[in-house]
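Structure first, commentary second.
The values are calculated or read from the model by the stated rules, or taken from the named source; none is laboratory data. Only a predicted model underlies this, so the values are computations on that prediction, with no experimental measurement involved. Cβ sites come from the backbone with ideal geometry, for glycine too, and all protein chains shown count toward neighbours. Side chains included, ligands, DNA and RNA excluded: accessible areas come from the protein's heavy atoms. Shrake-Rupley method; radii C 1.70, N 1.55, O 1.52, S 1.80 Å.
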Amino acid sequence: MMKGKRQGGGKDGVDNLIGEAALNNFVNSDGSVTINVNEFLKLVRHASAHDRADDPKPSPVPWQVVGLDVNAETSASCVSFTCDFVVRSFSQDWVKVPLLPASYAFDKFSVSGPQPVGTNSTDGGVAADSSATEDIQADGRQPSVVGSAGDVSVLLPSPGDYTVSISGLAPFQNERKSGFQLTIKTDVLRSSLSCTVHSSDLDIKVDPALSTVSESLPATPASTSGSTKVTCLLGNFKCLSVQWTARQPEEEETDGKDLLADEPTAAAVEEVKKEPLIVCNHSVVHTIGEGTVSTNLSMEYEIHHTTKAVFDILCPALVNIIDVTGANIKRWKVLHGPPAPGSSVPVADRAADLAPSDSGIDAEVISLSEGGSVAAAGGPVTALNIQPGQKAIRVMLHYPVQGRHGLAVTADLPMESTSCAVSLPVFDAAGSTRQKGYVGVEARTNVEVREVKKVGVARVDVSELPGLMTRAGKSYLHAYKFLIPRYQLDLDVKRHADAEVLTAVIEEAWLTATVSESGSSLARVLLAVRNTQRQFLRITLPESPGKKADIWSAMVNGVAVKPAVDDSENTVLVPLLKAGDADAKASNSLLYVELVFLESVSAMLKAGKLSLSFSRFDLPVQRLFVTTYLPNNYTYGQFEGDLKEVKAHGKPPPRVNAANAPSLNLSLAAAPRPRKAKRQQNSWNRQRRGSGDLDQLECEESLDSCDDNEEIARERRHSAVMTQAMMSNFMFDEEEQREEPEALGGALDRGVVPVAIKAMQEGTPFCFERLLVQNESYTVTVPYKQIKVGVRDTGWANKCSIM
């Protein structure tokens, strides 16, 4: 218990926590209050909650980079830069802000601040606590630049604006020293760039840049030829790219004599000017498809003693240009020449050859009149003559290149029909000094490709094609090489009709039937199926004399499935698993289909003939294995019918479950037969030896039984009779179904997944085999006669009764 004076002004809060009635009980006559410790702690927690509610909530964003100013200047070997970041911290705790990758060479770091929020920018931020600096000095926490995990970061101890200055060196982007890139690790609200390149008359491109101002600077001791400076505002970026090229002077018509007059003498020029050399290597793959010839062209340029920023490729006018790819492509366009003589198709109606809208490359189509020519932009001015029936692909780069440069062109040529003559398109790299290449022809569908005419090309073996063409995994029908792209290659394409092939096959079928004396047969069908297209496997059940068969279970690869029934044909439809992309070996793996059903057969009498029919399938079967288990207390004669009887199967049926179904191997060695079954088989062989008479069979059976002890033989026969009786009681025969239909209806249902049933195998086994079964049903018939069973000696029961 605790005592204290009751204070005024807080009665409402106390009443809400304790209640008016309880509060009056606690007040003493002298004005003091006596309350329980639990009630006192409740009041303390309530007051603490009110105090925490008044505390300011932390910012959802711990920091933000407000501004970035980049100053860059080129030198002979690299680019020096300085990044001035303005970083704002909103957290009372330490925050780590990544700024730059650690791949650059840094030499200077500095951090100043914190300043109240809004001092370094005009964003209208709320002012921070003015005692922030004093708090840092009191506890000794200072901001610092650190490097970790491949980044250069700044650690900030308290809220406020910090100015972080980092200086370093960045390499040029290419060997020509015509650009560089700068990467940052975070988003920036405001950024700017000031870049000075120590070379005059340059075109500087900054990406991304919202506004750019370029100016030329006079010569200085550091740059005797002058400099070019660009200043721009930047958008939000992660990678800043700066590229520059020499500014192209406008063309001026001058007389060659005037130029020579300015020279002292022609003999004074001792340096021999090297002639430009441009070599182009072609790798062309033509794919013959359904009414089109798809072309994939790879052009590898080797540029020596000059630079090149514009590439022109000539091709037939009927070719549709789909895409042009390569490094540093600014845009590409298609230039249509005059139509070929006799052509009635106007230029505007021809297929538009444009780059995809999302490729990031601009493309346009330009049509030229008769005798048209166009000047190449960039570099020396040359005329491009487009002949009638031709078009040109013009590819423009961001800056001139030297050395190796590759371009890839994707195009197609419409054919008149799927079976016709076609002339393969020829591509010419205009302006090249020397060209050579290889041509490969492949077929995508069932087409026959025959060479009709070739001019300017030579046939080669497929193994002689360059690695770029063979690594694609293509199967070439014809291969050629050429030295001048002025060749002609005519082919005759003939489309053949597709032949009918098997989409599914049953490699092995295992049929098992266990027959009882009462006229029931429990059948099990196990199939090893290969499938690519079939949705269902149709299994036609044997015709029963009394009623249709009852389906007990259906499984595929050890997993229960819901079968369907076609009542008109007594057919069961089992769904198959299709071969898909999920299994790379689906077309070579087996599906194991299992069906268990109960059918009715003729009830066995003391003597007679038993006829058994088996299921048939709508797929061809390569090997059929049939095993029947007949009651043991009967003797049987020779089987007659459509199947060949064998002593034993060469291999046992596979064991299927959901875990090992995909990796089962059907080529298993034959398992040894059980000793009991072996004795039964030997007895069966003795029964069959040259006899079809039932009396003779009974005599041979009695002779065989003499080999064992007479008492053991009687026990064996009695056990066989009891087993068959138990099986007869277990199975549903036709009379029981008519008498108790509700019991059967409770066990069977439609539209549900069945239970997994393991079919019993009891009785004397008989084996049959057949090869290459084509949707056929088979029946076997055998004569039988019941074996008389003696009365078993129960002397042990008499002894028990005496005791």
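Per-structure values
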{"item": "Cβ-placed point charges (K, R +1; D, E -1), dipole of the stretch 433-567 about Cα centre in debye, nearest 20", "result": "1100"}
{"item": "Computed FRET value (nearest 0.05) for E640 with D566, which takes r as the C-beta separation and R₀ as 45 Å", "result": "0.90"}
{"item": "For S602, residues with placed amide H under 5 Å, excluding near neighbours", "result": "S611"}
{"item": "Which of E464, E416 is most accessible, then next, and so on - probe 1.4 Å", "result": "E416, E464"}
{"item": "Cβ-Cβ FRET estimate between A105 and D207, R0 fixed at 22 Å, reported to 0.05", "result": "0.40"}
{"item": "Cβ-Cβ FRET estimate between N174 and V505, R0 fixed at 45 Å, reported to 0.05", "result": "0.15"}
{"item": "Neighbourhood net charge (11 Å Cβ-Cβ; Lys/Arg +1, Asp/Glu -1) for G113", "result": "0"}
{"item": "Rounded accessible area of E517 (nearest 10 Å², 1.4 Å probe)", "result": "40"}
{"item": "Sparsely packed trypsin sites (Lys or Arg not before Pro) within the stretch 472-543, loop by DSSP, other Cβ within 10 Å at most 12", "result": "R486"}
{"item": "Inter-part distance where the stretch 417-450 and the stretch 80-105 are each reduced to a Cα centre, Å", "result": "57"}
{"item": "Residue-by-residue Karplus 3J(HN,Hα) for the stretch 309-318, coefficients 6.51, -1.76, 1.60, Hz, glycine and proline x", "result": "10, 10, 10, 10, 10, 8, 7, x, 5, 7"}
{"item": "Cα centroid separation - the stretch 490-527 against the stretch 603-662, whole Å", "result": "18"}
{"item": "Which listed pairs, of K651/K785; K548/K644; K609/K788; K436/K494; K391/K494, have C-alpha distances above 22 Å, in listed order", "result": "K651/K785; K548/K644; K436/K494; K391/K494"}
{"item": "J(HN,Hα) series, the stretch 402-417, from Karplus relation 6.51 cos²θ - 1.76 cosθ + 1.60, nearest Hz, glycine and proline x", "result": "9, x, 8, 8, x, 10, 10, 10, 10, 8, 8, 10, x, 9, 5, 7"}
{"item": "Long-range HN-HN contacts of A430 with modeled amide H, under 5 Å", "result": "D312, I313, L314"}
{"item": "Rounded to the nearest 10 Å², the accessible area of K547 at probe 1.4 Å", "result": "40"}
{"item": "Extended-chain gain in nm, criterion 0.36 nm per residue less alpha-carbon gap, R331 and A421", "result": "28.9 nm"}
{"item": "Loop sites in the stretch 270-319: trypsin sites (Lys or Arg not before Pro), DSSP, at most 14 other Cβ within 10 Å", "result": "K273, K274"}
{"item": "Å² of accessible area per residue within the stretch 431-569, as computed with a 1.4 Å probe and no ligands counted", "result": "50"}
